[in-house]
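Student: Structure provided below as structure tokens; questions to follow.
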Amino acid sequence: MAPPSVAAFTDTYLPTVNGVSYTIQTWRDRWRDRGGRMSIVYPGSDEYDPTSEEYPVGSLPFPMYEGFRLGTPKIPSAVNDVDVVHAHTPFAVGLGGVRLARREDIPLITSYHTPTAEYADYLTSRPRVERGIERVAERYERWFLSRSDAVVFPSEDARDRAVSETDIDAPTVVLSNGVDVEFFAPTDVEAFHNRYDLPTGPLLGYTGRHGYEKNLSEFLRAAEGLDATIVLGGDGPARAELEALAADLDLDAHFLGFLPREELPAFYTALDAFVFPSPVETQGLVALEANACGTPVVAIDAGALANTVEDGVTGYHYTPGDVSDCRATIEQVLDESASLAASCLARREQLSVEHAVDRLASLYERVVGKKRA
């Protein structure tokens, strides 16, 4: 019997490079491998040509967030004949998913990737206005999630925060996004070193969005005085200030910009420690990708990272806001790098996206069966 057919609606997809877009693409590929169909509805862009089972809808660029596009709640005719809708966004494209689920009387699953209120700081810099937007966003988020047959969270912390802030009236499921451990694996790094002219010696790094909410300045301040090179992949609104701070601190820092996906395994493998100071993660997928490549993580003890990283096994935590503790934790990870790398590699299979898709399949079958009962 073929797996349930799925229509995934998302406001974030390729060519935008982030954990959400790659998670959706990887789940689609694994679903296809199992003989299932997972169609993806996303905001169209001239920079990306859709492949099979990808259906762009009209969109406009979002001026406050480079790379993000505002889609329309359109339902492509090709995705009408499905068994379940999976919304990865509460915004316009996600509303198309809600409409399809209602019209066809099929289950709606919603993945909670980012709290809606966190987008308020992209719209205004005035604290009072921002708080008002956050309150409206939380009410809207509660309305959207209440229409779901189940809400999927990538971590316990994300679920606990969402339940306390929005009082979700829908069943909740904690399901890791999973890591493609066939792709994210230790690899040769000589070509990567040469391409980016990286020196020998300890490398400390991070890749992802350079947003102010990611708290990357704490990483740079903690690196002051350490005999190590800083390597940052990615881009974002805070990059210019981070480059200036690195210069002020006289750090040997290399800002690489957005890295092609095929370079990420070499990037992670090249690092002696991945430093992750962001307190706002709902899972922190890049930490798991680093672990899959044998690289331990220095993680802030806040948000989902409090649970994503296991002290003494896949890295260590430091106290939020304590630069000295962050520096000491970096030094501890560097001192124990060999044993931590070994324990990271021993846990690779536990991170596998196959386990995540197994649980996703069980969820789909359960909600479809309940709807048809």
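Student: Would you be able to tell me the number of residues in the range 322-362 that are in contact with a Ser or Thr (Cβ under 7 Å, 6 or more places away or on another chain) and over 25 Å from Asp272 (Cβ atoms)?
Tutor: Number satisfying all stated conditions: 2.
Student: What is the one condition in (1) without any contact (Cβ under 8 Å) to a residue 60 or more places away in the chain; (2) buried (at least 20 other Cβ atoms within 10 Å of the Cβ); (3) of a type in the set (Phe, Trp, Tyr) that Tyr140 does not satisfy?
Tutor: Here Tyr140 meets the rest and fails (2).
Student: Can you tell which of Thr89, Thr23 is in a loop (DSSP other than H, G, I, E, B), at pLDDT below 95, crowded, with 16+ Cβ neighbours inside 10 Å and not charged (D, E, K, R)?
Tutor: Matching residue, one of Thr89, Thr23: Thr89.
Student: Here's a follow-up. Looking at (1) assigned to a loop (DSSP other than H, G, I, E, B); (2) over 24 Å from Arg372 (Cβ atoms); (3) over 22 Å from the mean Cα position of the chain (by Cα); (4) not charged (D, E, K, R), which is the one condition that is false for Leu60?
Tutor: The one condition Leu60 does not meet is (1).
Student: Please determine whether any residue of the range 216-228 is at pLDDT below 95 and in contact with a strand residue (DSSP E or B) (Cβ under 9 Å, 6 or more places away or on another chain).
Tutor: No; the residues of the range 216-228 include none that is at pLDDT below 95 and in contact with a strand residue (DSSP E or B) (Cβ under 9 Å, 6 or more places away or on another chain).
Student: Also: Given the options Arg135, Arg147, name the one that is surrounded by fewer than 20 Cβ atoms within 10 Å (Cβ to Cβ), at pLDDT 70 or above and in a loop (DSSP other than H, G, I, E, B).
Tutor: Arg147
Student: Just to be sure before I move on: is Arg69 charged (D, E, K, R), in the same structural domain as Leu108 (by TED's automatic domain parsing) and closer than 26 Å to Ser146 by Cα in the structure I sent?
Tutor: yes
Student: Still on this model: Could you check, for the range 187-202, whether at least one of its residues is within 23 Å of Thr16 (Cα to Cα) and either surrounded by fewer than 16 Cβ atoms within 10 Å (Cβ to Cβ) or among the hydroxyl-bearing types (Ser, Thr, Tyr) (or both)?
Tutor: Within the range 187-202, one or more residues are within 23 Å of Thr16 (Cα to Cα) and either surrounded by fewer than 16 Cβ atoms within 10 Å (Cβ to Cβ) or among the hydroxyl-bearing types (Ser, Thr, Tyr) (or both).
Student: Separate question: I'm trying to understand the selection: among the residues of the range 138-192, which are in contact with a Leu (Cβ under 7 Å, 6 or more places away or on another chain), more than 24 Å from Ile106 (Cα to Cα) and polar (S, T, N, Q)?
Tutor: Across the range 138-192, the qualifying residue is only Thr166.
Student: Filtering the range 1-15 down to residues that are buried (at least 21 other Cβ atoms within 10 Å of the Cβ) and among the polar types (S, T, N, Q), which residue is farthest from Ser45 (Cα to Cα)?
Tutor: Ranking the qualifying residues of the range 1-15, first place goes to Thr10.
Student: Cβ-Cβ distance below 6 Å, separation of 6 or more or different chains: which pairs start in the range 267-279 with a residue that is modelled with pLDDT under 95 and end on one that is surrounded by 24 or more Cβ atoms within 10 Å (Cβ to Cβ)?
Tutor: Pro279/Ile300
Student: Run down Thr229, Thr269, Thr282 and say which single residue is within 26 Å of Ser324 (Cβ to Cβ) and either touching a helix residue (DSSP H, G or I) at 6+ places or on another chain (Cβ under 6 Å) or in the same structural domain as Thr314 (by TED's automatic domain parsing) (or both).
Tutor: The conditions single out Thr229.
Student: Are any residues in the range 157-175 among the hydroxyl-bearing types (Ser, Thr, Tyr) and either part of a helix (DSSP H, G or I) or in the same structural domain as Ala292 (by TED's automatic domain parsing) (or both), and if so, which ones?
Tutor: Ser164, Thr166, listed by residue number.
The values are calculated or read from the model by the stated rules, or taken from the named source; none is laboratory data. All values derive from a computational prediction rather than experimental measurement. Here the Cβ is made from the backbone with ideal geometry for all residues, glycine too, and neighbour counts use every protein chain on show.
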